[in-house]
Amino acid sequence: SFEAAVKLHNWVGFGVIANWFLWLFYYMASDKVTNYHPDLDAKDFFDRYFRQVQYYAWGLFTGAERPHRVHPHDKFNPMQKGAYQIIMLLVVPIQFATGLFLWDIKRFGGAVELLGGVRIVDTVHVLCFIFFASFLFVHFYLATLGATPSAHFKAMFTGYEEMEEDPAVEESGMSAAH
């Protein structure tokens with residue numbers, strides 16, 4: 001029934017909110033938060049960002065070297081870092097806020113009215129979903145572009161990615177394990 005679907009939607013929403021707070025706590029409490037630090041040198045960021053765009057646009061298909069090397073404290077390329085910052089620190093919290101406002105309109109009526117009414121809040125909630133769903137499709141496609149089509153999926157599930165060898169280290173005859 002529709003009522004059961006709404007209840008399920010609400011409970012899943014609360015579960016996702018709890019999961020987001022666990023994610024936030026984990027990254028704030030660990031040294032992995034550096035993966036999300038914004039780049040303060042705008043010129044360097046945009047240079048690396050556009051090198052990554054060029055790689056995805058044609059370098060990937062011509063066998064060009066990847067412009068970003070994955071490291072434990074710098075695992076995201078500039079495009080990933082920007083996307084994850086926007087999604088996890090902007091879109092997802094907006095999704096949560098609008099969902100909470102719609103969950104109990106009587107309690108949050110003042111905020112709903114301040115934002116333009118139920119129709120506006122609902123539209124923003126749905127647009128956040130569409131943005132997130134679109135991101136998942138792009139994320140799935142890009143995840144197949146690793147050394148093997150499943151390499152990045154393995155990293156997503158295990159939390160560990162196999163590090164690529166640094167060409168400068170390879171030329172010196174030392175491995176990355178040294």
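FYI, it's all coordinate maths here, none of it is from the lab. What you see is a predicted model, and the numbers here were worked out from it, not measured in a lab. Positions of Cβ are generated from backbone atoms using ideal geometry, with glycine treated the same way; all protein chains shown enter the neighbour counts.
In the stretch 11-52, how does Rg compare with the Kirkwood Rh, expressed as the Rg/Rh ratio over alpha carbon atoms? Please list the in-between numbers first.
Details: Rg = 15.2 Å, Rh = 12.5 Å.
My calculation of the ratio gives 1.22.
For the stretch 1-148, give the magnitude of the charge dipole about the Cα centre (Cβ charges: +1 Lys/Arg, -1 Asp/Glu; no others), in debye to the nearest 20.
Working: 12 positive and 11 negative charges, 29 e Å.
In debye, rounded to 20, the stretch 1-148 gives about 140.
Between SER150 and LYS106, what's the calculated FRET efficiency when r is the beta-carbon distance and R0 is 45 Å? Round to 0.05.
Details: r = 48 Å, r/R0 = 1.07.
Computed FRET efficiency for SER150 and LYS106: 0.40.
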Tell me, what ³J(HN,Hα) does each residue in the stretch 106-123 have, in order and in whole Hz, if you take phi through Karplus 6.51 cos²θ - 1.76 cosθ + 1.60 with θ = phi - 60° and put x for Gly and Pro? 5, 5, 9, x, x, 5, 4, 5, 4, 8, x, x, 4, 4, 5, 4, 5, 4
Phi-derived 3J(HN,Hα) across the stretch 91-102 with the Karplus relation (6.51, -1.76, 1.60, θ = phi - 60°), rounded Hz, x for Gly and Pro, is 5, 5, x, 5, 4, 5, 4, 5, x, 5, 4, 6
Here the FRET efficiency for ASP41 versus VAL126, based on Cβ atoms and R0 = 25 Å and rounded to 0.05, is 0.10
Can you pull the one-decimal nm distance between simple spin-label points at TRP11 and VAL33, each 7 Å off the Cα toward Cβ? 3.4
Once TYR84 and ALA18 are pulled to full extension, the length gained, defined as 0.36 nm per residue separation minus their Cα-Cα distance, is 21.9 nm
Please report the Cα spread of the chain along all three principal axes, rounded to whole Å, starting with the longest. 68, 32, 32
In the chain, taking the dipole from +1 charges on Lys and Arg beta carbons and -1 charges on Asp and Glu beta carbons about the Cα centre, the listed residue (LEU89, VAL121, PHE14) farthest towards the positive end is VAL121
Inter-label distance for PHE137 and TYR26, nm, one decimal - labels placed 7 Å from Cα along Cα-to-Cβ: 2.8
Determine ³J(HN,Hα), in whole Hz, for all residues of the stretch 133-141 in sequence, where each value follows from phi through the Karplus function 6.51 cos²θ - 1.76 cosθ + 1.60 and θ = phi - 60°; x replaces Gly and Pro. 5, 4, 4, 4, 5, 5, 4, 4, 4
Computed, not fitted: 222 nm per-residue ellipticity of the chain from DSSP H runs ≥ 4 (each -39500 (n - 2.57)), nearest 500, equal to -19000 deg cm²/dmol
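To the nearest 20 Debye, how big is the dipole of the stretch 15-70 about its Cα centre, given +1 on the beta carbon of each Lys and Arg and -1 on that of each Asp and Glu?
Working: 6 positive and 6 negative charges, 29 e Å.
That gives the stretch 15-70 a dipole magnitude of about 140 debye.
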Using the alpha-carbon centroid of each, what span in Å lies between the stretch 24-38 and the stretch 42-58? 23
